[in-house]
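Okay, structure first, notes after.
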Amino acid sequence: MYDLVIRGGLVVTPEGVVHADVAVLGGRIARVEPGIRDPAAQEVVADGLHVLPGAVDAHVHLGVPIAGTWSRDDHRTGTLAALCGGVTTVGDFTVQDPGEGLVASIERRRDAASSGTWSDWFLHANVTSVTPAVLDEVPLAVASGVRSFKVFLAYPGMRIGPEVLREVLRRVGAAGGLLMAHCEDQDVVDRAVAERVARGLVAARHFFGSRPPEAEARAIEVLGGIARDLGHPAYVVHLSSAAGLRAALDARRAGARLHIETCPQYLLLSPRPPRGLRPEHLVCAPPLRRTRDRIALLRALARGDIEVLATDHCPFTSSQKAAGAHDFRRVPGGLPGVETLLPLAYDLALRGALPLERLARVLAEAPARLFGLEDRKGAVREGLDADLVLADPAGETRVTATRLHSATDCNPYEGRALRGRLTAVYLRGRLAAAPGPDGRMEPAMGRPSGAYVTAAHDPASRSRHHDGTP
Ligand SMILES: [Zn+2]
């Protein structure tokens, strides 16, 4: 007797799309095969629907201080937005205070989410205050289940230079961790910003040229060279440009184990704001690029050179963004993204721009594997958590901020009509979100039931859930 059987759907796996039933027992996927006849406590008919893996958004920022303000989504609203968009697991980042230890920053971040999360979540450790004592803690962090670490090659106060980067990668790699890097060369950015300031070009619309693609390419060259020397893997977050892509692929060809992530905004948004929004609404770093960059990245994602699609979710309200309308240096940088990630990728798939099995890889299989969650998350596969999304390819989704759950009043995809529509989201086998009477996705659980998930620190051991069921 199964808890749930989803019958007759088109199951999207990393290997392809298959007609199969999905049986769930105890929160896990028990079987994926056609014609499961065993009885079930609940049966769902999914004729004509896709059965997608719950998405793993490996890159979200929940409640972080930026430019004198705070990003609007906290752990509660950000994970509610995630769940209602079919993202069943999010990867959040610690915020390391100056001089704070890594383990302390991890514990503080877990405490910040103690009021509960709607989706499952895991943590990456920011390494923004690098001291010998902090580096000594890397193995401890890995043993605690946080095995990904992020450094910044940009931003005064946080950036690290090549020698420190080499040492951090050496320590993270030796501990079996994965180093993530924000790749923009601050010196290139500083020159471009100074040139604009000297000409008085500081309104928000002048932001987009102030962080040129060469800054990204230059930083990736440095990271790639060090990764190749050391033989340890590294992960480029939010790749934005064709020049950056070329630098990353060159580094790979030279032997670096470089993993690449991009975000929907670098595939789909131009610096020209949609109706109702202003340039400052679209300020994020790296910035939105040109058409040829978007085309190059989408092709690289579709053919597998870019392995992960995540969002860098970090929303602000119109009034927060307005503080920088006349001076782009004062705009808090960041966009909402977690709730539209899967609908936008599904639309790309239905339009033929992204094969469905590739969607399953870039939104679930690859992030789960790279961040050590692969024994619980990442695919519609026997033995894994029953994180499932039902989607109707004949439906339509209209993006508008007022129907989304993120705690902001603006959305960069405002007004877009997407092919396809989510019809149910399951978290560990329980219905977690579904369309309400007006068609808006709503939580189906009475309270947040997300679990904190830790990474297996070596491939032989298993990742585990804490403070969640089961
Ligand atoms: Zn980020």
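The values are calculated or read from the model by the stated rules, or taken from the named source; none is laboratory data. Remember, predicted model here, so these are calculated numbers, not experimental data. Virtual Cβ from ideal backbone geometry, glycine too; neighbours counted across all protein chains shown. Surface areas here come from the heavy atoms of the whole protein model, side chains and all, with no ligands, DNA or RNA. Shrake-Rupley method; radii C 1.70, N 1.55, O 1.52, S 1.80 Å.
Screening segment 299-317 for residues that are under 19 Å from residue 404 (Cα atoms) and in contact with a His (Cβ under 7 Å, 6 or more places away or on another chain) and picking the one that is most open to solvent (accessible area, probe 1.4 Å) gives 312. Can you confirm whether residue 243 is out of contact with any Asp or Glu (no Cβ under 7 Å at 6 or more places or on another chain), at pLDDT 95 or above, more than 30 Å from residue 409 (Cβ to Cβ) and among the small types (Gly, Ala, Ser)? It is false that residue 243 is out of contact with any Asp or Glu (no Cβ under 7 Å at 6 or more places or on another chain), at pLDDT 95 or above, more than 30 Å from residue 409 (Cβ to Cβ) and among the small types (Gly, Ala, Ser).
Scanning segment 351-375 for residues that are over 13 Å from residue 52 (Cα atoms) and either in the same structural domain as residue 404 (by TED's automatic domain parsing) or part of a helix (DSSP H, G or I) (or both) turns up 366, 367, 368, 369, 370. The sole residue among 391, 386 that is among the hydrophobic types (A, V, I, L, M, F, W, C) and under 22 Å from residue 263 (Cα atoms) is 391.
Six or more apart or on different chains, Cβ atoms under 7 Å: show the pairs whose first residue is in segment 399-414 and among the basic types (Lys, Arg) and whose second is open to solvent by 30 Å² or more (accessible area, probe 1.4 Å). Once the first residue is among the basic types (Lys, Arg) and sits in segment 399-414, its partners that are open to solvent by 30 Å² or more (accessible area, probe 1.4 Å) give 403/440.
Only residues that are open to solvent by 40 Å² or more (accessible area, probe 1.4 Å) and either outside the structural domain of residue 394 (by TED's automatic domain parsing) or not in a strand (DSSP E or B) (or both): list them for segment 14-60, please.
The first filter runs over segment 14-60 and keeps only residues open to solvent by 40 Å² or more (accessible area, probe 1.4 Å), leaving 15, 17-19, 25-26, 28, 31-35, 37-39, 41-43, 45, 47-48.
Of everything in segment 14-60, those that are open to solvent by 40 Å² or more (accessible area, probe 1.4 Å) and either outside the structural domain of residue 394 (by TED's automatic domain parsing) or not in a strand (DSSP E or B) (or both) turn out to be 15, 26, 34, 35, 37, 38, 39, 47, 48.
A count restricted to segment 377-401 and to residues that are open to solvent by 20 Å² or more (accessible area, probe 1.4 Å) and closer than 23 Å to residue 4 by Cα stands at 5.
Looking only at residues in segment 329-381 that are in contact with a strand residue (DSSP E or B) (Cβ under 9 Å, 6 or more places away or on another chain) and β-branched (Val, Ile, Thr), the one that is nearest to residue 422 (Cα to Cα) is 340. In the set (1) open to solvent by less than 10 Å² (accessible area, probe 1.4 Å); (2) aliphatic (A, V, I, L, M); (3) farther than 20 Å from residue 264 by Cα; (4) in contact with a His (Cβ under 8 Å, 6 or more places away or on another chain), the condition left unmet by residue 102 is number (4).
The residue that is farthest from residue 385 (Cα to Cα), among those in segment 423-441 that are assigned to a strand (DSSP E or B) and open to solvent by 60 Å² or more (accessible area, probe 1.4 Å), is 431.
Applying the selection to segment 308-334, what residues are within 12 Å of the ligand (Cβ to nearest atom) and modelled with pLDDT under 95? Matches in segment 308-334: none.
Residue count for segment 156-169 satisfying the condition of being loosely packed, with under 14 Cβ neighbours inside 10 Å and either in a loop (DSSP other than H, G, I, E, B) or not assigned by TED's automatic domain parsing to the domain that holds residue 222 (or both): 3.
Listed by position, the helices (runs of 4 or more DSSP H) inside segment 233-330 whose residues that are closer than 25 Å to residue 75 by Cα number at least 3 are 318-322.
Within segment 104-114, does at least one residue satisfy the condition of being over 30 Å from residue 357 (Cβ atoms) and in the same structural domain as residue 439 (by TED's automatic domain parsing)? Reasoning before the result, please.
First pass over segment 104-114, keeping only residues over 30 Å from residue 357 (Cβ atoms): 104-114.
From the residues that got through so far, the ones that are in the same structural domain as residue 439 (by TED's automatic domain parsing) too are none.
Among the residues of segment 104-114, not one is over 30 Å from residue 357 (Cβ atoms) and in the same structural domain as residue 439 (by TED's automatic domain parsing), which makes the answer no.
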